[in-house]
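Structure record follows, encoded as structure tokens.
The values are calculated or read from the model by the stated rules, or taken from the named source; none is laboratory data. Note that the coordinates shown come from a computational prediction; the quantities given were computed from them, not determined experimentally. Cβ coordinates were reconstructed from backbone atoms using ideal geometry, including for glycine residues, and neighbour counts include every protein chain displayed. Remember, those area values only see protein heavy atoms, side chains included, never the ligands or the DNA or RNA. Shrake-Rupley method; radii C 1.70, N 1.55, O 1.52, S 1.80 Å.
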Number of protein chains: 2
Amino acid sequence: VPADLLVVGTGLIGTSIGLALRGQAEVLLHDRDPAALAAAAERGAGRVWNGTEPPAHVVVCAPPSAVAALIGELAARLPDATLSHVSSVQRPVDQVVGALPQVCGSHPMAGKESSGPAAASARLFVGRPWVLCPSPATSSDALAATRRVAEQCGAEPLVTTAAEHDDVVALVSHLPQVTASALAAVLGRADTSLALAGPGLQDTTRIAGSAPGMWVDVLRTNAVAVAPLVRALAEELTAVADALDAGDVAAIERLLQEGNEGRRRVPRKRGEHDRDFALVSVVVPDSPGQLAGVLVAAADAGINVEDVRVDHLPGRPTGVIELLVQPGAQAEARRALTAAGWDVAGG
Amino acid sequence: VPADLLVVGTGLIGTSIGLALRGQAEVLLHDRDPAALAAAAERGAGRVWNGTEPPAHVVVCAPPSAVAALIGELAARLPDATLSHVSSVQRPVDQVVGALPQVCGSHPMAGKESSGPAAASARLFVGRPWVLCPSPATSSDALAATRRVAEQCGAEPLVTTAAEHDDVVALVSHLPQVTASALAAVLGRADTSLALAGPGLQDTTRIAGSAPGMWVDVLRTNAVAVAPLVRALAEELTAVADALDAGDVAAIERLLQEGNEGRRRVPRKRGEHDRDFALVSVVVPDSPGQLAGVLVAAADAGINVEDVRVDHLPGRPTGVIELLVQPGAQAEARRALTAAGWDVAGG
């Protein structure tokens, strides 16, 4: 009887899959780095593969540029197994191994700033989309086995093509990463103090702090989809600079309007968008427990807080806590927080 | 005896100044819009100016493009008063009225998504920087009167030049606004679903939702400082697109590294930066009170939460709450939250 699953690559994603499947499947682990392999086994993600024991299904959790070669090698070694991978970029893998019926690509939309088996979590994928990208040659067995792993991890599988997947992530993930990195690079070159920066600069540059190693691999393997988007943004910005130089007010206004429209398309939660929420701002002294106090007061009043933002200004002894609530709850939230003694701005 | 202060323009900023000075100074109010004037007076920001009563000091709270003309007119009408304004852009005002010794420019670094007297707050400026921009001609009386208003509002005054101010805000505020708007505009034009978007896209496009009206005025009046920065970013992005097309991995890596460096320069709080905090992630069901529960558990354990991020995925029944804490408190925060029954990721 073959083991249920072989995880090849026991970093954050591979180890998290092993942890999520504990009690549901027999999991074998392999990694070319003995330390990462030992760490994953120690955390209970599965048992170390002896190199010959046959698994029913294999999932390769390696950087995009390494996936295709590993899949090819494993397909030759394990002719009876179905195979999958979790590459952030699907097209280049599909181009190499897409003709193999036992292979189905996939990509769980989960991750975090930290990496490696120590950062893994059995719940990393719970409720997250897990994109399945079968090729025309993919067998129904391979697709079913790949879907099963996603479901066992608690993710929500959805099926698309490798090309469609890569175009979507280029737009919603890779372009924002390049934009934030380029903006932060321009900021970093200025010899001006950034001490007056507010929350806008914080937000726009946060993902510029992402680890370069993984992103270099993602961007170069998806260059075909990312480059035209980056070029479109560069052209947009050049047009804005020209409009500023020429004092073309209509063009500047058009940019801001189009920005408003694009922003309204960005999903927040369950298909809701920014415009569906109302803001309640509370000014607090910068001391421990303020955030908990505000949220407890909101919870006590039966207010469901959809999102929260904390704005500490550099060098300042106070902060502003912004709560996003349903529009119908805004007045009640203001009233309840004020009644509880909080300093509600604009109230 | 002249009244202490005349506020000209009773929108968010002017009305907030009046509210902040209540009990500290006698405040007169003026606005060409009778509704805004009545609303500010009704909220207790001051009493309506009769058009002749002489104030000791005037603060003009009008859009950047309207400030210089108003200052000139008021200086002629009120020859014994010192005058200030709160323009987001200082240079164009300074070029017109900088030779008048009774005038001192200033800019409180505070604001919010909403506008108008109804959104005003006596505490809007508490702890915020308030930049003072005296010209070489500005009298010590005008500077002192301007500083006094900032201090009475609870802000922290700091002195610089109009040119320096405009260069700094172009970098830390106007460039990020243009970048977010342009990114959202490119997104908005794509006929791709954005349903797979995660928190990175949320953050990078949030300020693209800002009201166009005010921003058109800010950007065109500070075009001289903003345009070169926008052009530098466009050139950076064109170079990235070229590197992606050419498969120039070293150039892509350089971008990401420089992005990391720039991001490290963005201040968080009291001169602290991202690298000074540690992350603790908690997976929660998407139901009311979870955020409060996590923060109360942290507060009960004596953990000071520096910042918090809530990540709801569109269409998903769970969320992730990320707490930023002092690095020395990370292990204890994980332990305490786990002990309190919370699902700490990677723990």
- Query: Is there a residue in segment B:74-91 that is open to solvent by 20 Å² or more (accessible area, probe 1.4 Å), touching a Leu at 6+ places or on another chain (Cβ under 8 Å) and free of Cβ contacts under 8 Å to residues at least 60 places away in the same chain?
  - Reply: no
- Task: Would you check which residues across segment A:189-224 are surrounded by 20 or more Cβ atoms within 10 Å (Cβ to Cβ), of a type outside the set (D, E, K, R) and closer than 22 Å to B:E235 by Cβ and list them?
- Result: A:L201, A:T204, A:T205, A:I207, A:A208, A:W215, A:V216, A:L219, A:A223
- Name every residue in segment B:113-135 that is within 17 Å of B:L83 (Cα to Cα) and open to solvent by 60 Å² or more (accessible area, probe 1.4 Å), in order of residue number. none
- Task: Give the residues of segment A:11-59 that are part of a helix (DSSP H, G or I), without any contact (Cβ under 8 Å) to a residue 12 or more places away in the chain and not acidic (D, E), sorted by residue number.
- Result: A:P34, A:A35, A:A38
- Task: Kindly indicate whether any position in segment A:150-161 is in contact with a Cys (Cβ under 6 Å, 6 or more places away or on another chain), open to solvent by less than 10 Å² (accessible area, probe 1.4 Å) and farther than 21 Å from A:D217 by Cβ.
- Result: no
- Task: Working only within segment A:143-160, note down all residues that are of a type in the set (S, T, Y) and within 13 Å of another protein chain (Cβ to nearest Cβ).
- Result: A:T160
- With the condition kept exactly as written, say whether any residue in segment B:231-240 is assigned to a helix (DSSP H, G or I), modelled with pLDDT under 95 and more than 7 Å from chain A (Cβ to nearest Cβ). no
- Query: Out of (1) open to solvent by 10 Å² or more (accessible area, probe 1.4 Å); (2) farther than 22 Å from B:W215 by Cβ, the odd one out for B:V58 is which?
  - Reply: (1)
- Message: Tell me the residue from A:A45, A:A35, A:A81 that is of a type in the set (A, V, I, L, M, F, W, C) and within 30 Å of A:D167 (Cα to Cα), please.
- Response: A:A81
- Considering segment A:246-285 alone, what residues qualify as being over 24 Å from A:V296 (Cα atoms), modelled with pLDDT under 80, more than 7 Å from chain B (Cβ to nearest Cβ) and not in a helix (DSSP H, G or I)? A:E272, A:H273
- First in segment A:155-180 and basic (K, R), second anywhere and modelled with pLDDT under 95, Cβ under 6 Å, 6 or more apart: none
- State all residues of segment A:119-136 that are among the basic types (K, R) and either in contact (Cβ under 8 Å) with a residue 40 or more places away in the chain or more than 13 Å from chain B (Cβ to nearest Cβ) (or both); if no residue qualifies, say none. A:R123
- Item | Boolean, A:A68 is small (G, A, S) and touching a helix residue (DSSP H, G or I) at 6+ places or on another chain (Cβ under 6 Å) | yes
- B:T138 being β-branched (V, I, T), surrounded by 21 or more Cβ atoms within 10 Å (Cβ to Cβ) and either on the phi > 0 side of the Ramachandran plot or out of contact with any helix residue (DSSP H, G or I) (no Cβ under 6 Å at 6 or more places or on another chain) (or both): yes
- Query: Restricting attention to segment A:299-310, and to residues there that are over 17 Å from B:E322 (Cα atoms) and within 7 Å of another protein chain (Cβ to nearest Cβ), which single residue is surrounded by the most Cβ atoms within 10 Å (Cβ to Cβ)?
  - Reply: A:A299
- Message: Please go through (1) touching a helix residue (DSSP H, G or I) at 6+ places or on another chain (Cβ under 8 Å); (2) open to solvent by 30 Å² or more (accessible area, probe 1.4 Å); (3) at pLDDT 95 or above for A:D33 and return the number of the only condition it doesn't satisfy.
- Response: (1)
